[in-house]
Amino acid sequence: MATVEATKDSTQQVSRHQEVGHKSLLQSDALYQYILETSVYPREPEPMRELREITAKHPWNLMTTSADEGQFLHLLLKLINAKNTMEIGVYTGYSLLSTALALPDDGKILAMDINRENYELGLPVIQKAGVAHKIDFREGPALPVLDQMLENKEMHGSFDFIFVDADKDNYLNYHKRLIDLVKIGGVIGYDNTLWNGSVVAPPDAPMRKYVRYYRDFVIELNKALAADPRIEISQIPVGDGITLCRRII
Ligand code: SAM
Ligand code: CA
């Protein structure tokens, strides 16, 4: 009964996961819905709920971070006491807001995206939540910004946490640079490393065009991260898969 009510409620709030288009890779939809209804939605901060609902109405909502992953990131940032962070790939800002709410008042997020318009869709909610002062948004491709930062030795090893959720064909290029920008003991999170489950699909399996295009890049990234002696890793099946990398040398 409670579940039926909660389901009805969440349908009204445009929050059933199938409807926001971001499907967990968990084999049972019922279990995923159970996680959302039991542990995620009841604890989701109001501004995040508001931003999730705004984003659900946007045509590209498939790109958003799911609510359970947002909760995971939020907790992770608190567990590692993150203060200076970076995000590559903002979209409307769900993971950004989850980060901003987790950081102390003097925490910082360098946030990059080639599209400012989508960021501005979520910005009023971020402002209302009182955390906009933590965000330094840069419009444009991330790679040149990283290269510029690397020229400054003071930036080396300066980030506690970096979330990468952008162009998958550049993840290895990002990794080459981020490994020097994250501090030893700091964490880089690469998102979508299970890439819609396509990493285990036979090459001739039917796939959406964009899934097929990025698939080989994600597979190469996963191999490279697993073989990289500079990091400890854990690939976690939350959302579309996130690989956490802790820099050790
Ligand atoms: N983290 C976001 C969230 O929680 O909603 C989702 C990010 S979405 C999956 C990917 C984003 O990466 C898009 O907004 C896209 O504009 C951005 N992007 C694509 N190529 C990029 C690049 N070269 N540099 C920076 N951002 C890029
Ligand atoms: Ca993602």
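The values are calculated or read from the model by the stated rules, or taken from the named source; none is laboratory data. Since the structure is predicted, the reported quantities are computational estimates derived from the model, not experimental observations. Cβ: placed from backbone, ideal geometry, glycine included. Neighbour counts: every protein chain shown. Side chains are part of the model used for accessible areas, which takes the heavy atoms of the whole protein and leaves out ligands, DNA and RNA. Shrake-Rupley method; radii C 1.70, N 1.55, O 1.52, S 1.80 Å.
Here is how the numbers come out for the structure above:
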| item | result |
| --- | --- |
| Matching residues, the stretch 98-115, being within 12 Å of ligand 1 (Cβ to nearest atom), under 18 Å from residue 51 (Cα atoms) and open to solvent by 10 Å² or more (accessible area, probe 1.4 Å) | 113, 115 |
| Members of the stretch 169-191 found to be open to solvent by less than 20 Å² (accessible area, probe 1.4 Å) and either in contact with a helix residue (DSSP H, G or I) (Cβ under 7 Å, 6 or more places away or on another chain) or not small (Gly, Ala, Ser) (or both), listed by number | 171, 174, 175, 178, 179, 181, 182, 187, 188, 190, 191 |
| Any hit, the stretch 150-165, residues being open to solvent by 10 Å² or more (accessible area, probe 1.4 Å) and within 14 Å of the chain's Cα centre (by Cα) | yes |
| Members of the stretch 219-237 found to be at pLDDT 95 or above and under 24 Å from residue 28 (Cβ atoms), listed by number | 234, 235, 236 |
| Residue 137 being within 25 Å of residue 167 (Cβ to Cβ) and open to solvent by 40 Å² or more (accessible area, probe 1.4 Å) | no |
| Residue in the stretch 116-126 that is over 18 Å from residue 179 (Cβ atoms), in a loop (DSSP other than H, G, I, E, B) and open to solvent by less than 40 Å² (accessible area, probe 1.4 Å) present | no |
| Which numbered condition residue 219 fails, given (1) within 16 Å of ligand 2 (Cβ to nearest atom); (2) within 14 Å of residue 243 (Cβ to Cβ); (3) free of Cβ contacts under 8 Å to residues at least 40 places away in the same chain | (1) |
| Cross-chain or 6+ apart pairs with Cβ under 8 Å, the stretch 163-191 first and on the phi > 0 side of the Ramachandran plot, then open to solvent by less than 50 Å² (accessible area, probe 1.4 Å) | 185/247 |
| Residue satisfying all of: in the stretch 51-97; part of a strand (DSSP E or B) and open to solvent by less than 20 Å² (accessible area, probe 1.4 Å); farthest from residue 107 (Cα to Cα) among these | 88 |
| Residue 242 vs. criteria buried (at least 20 other Cβ atoms within 10 Å of the Cβ) and not basic (Lys, Arg) | yes |
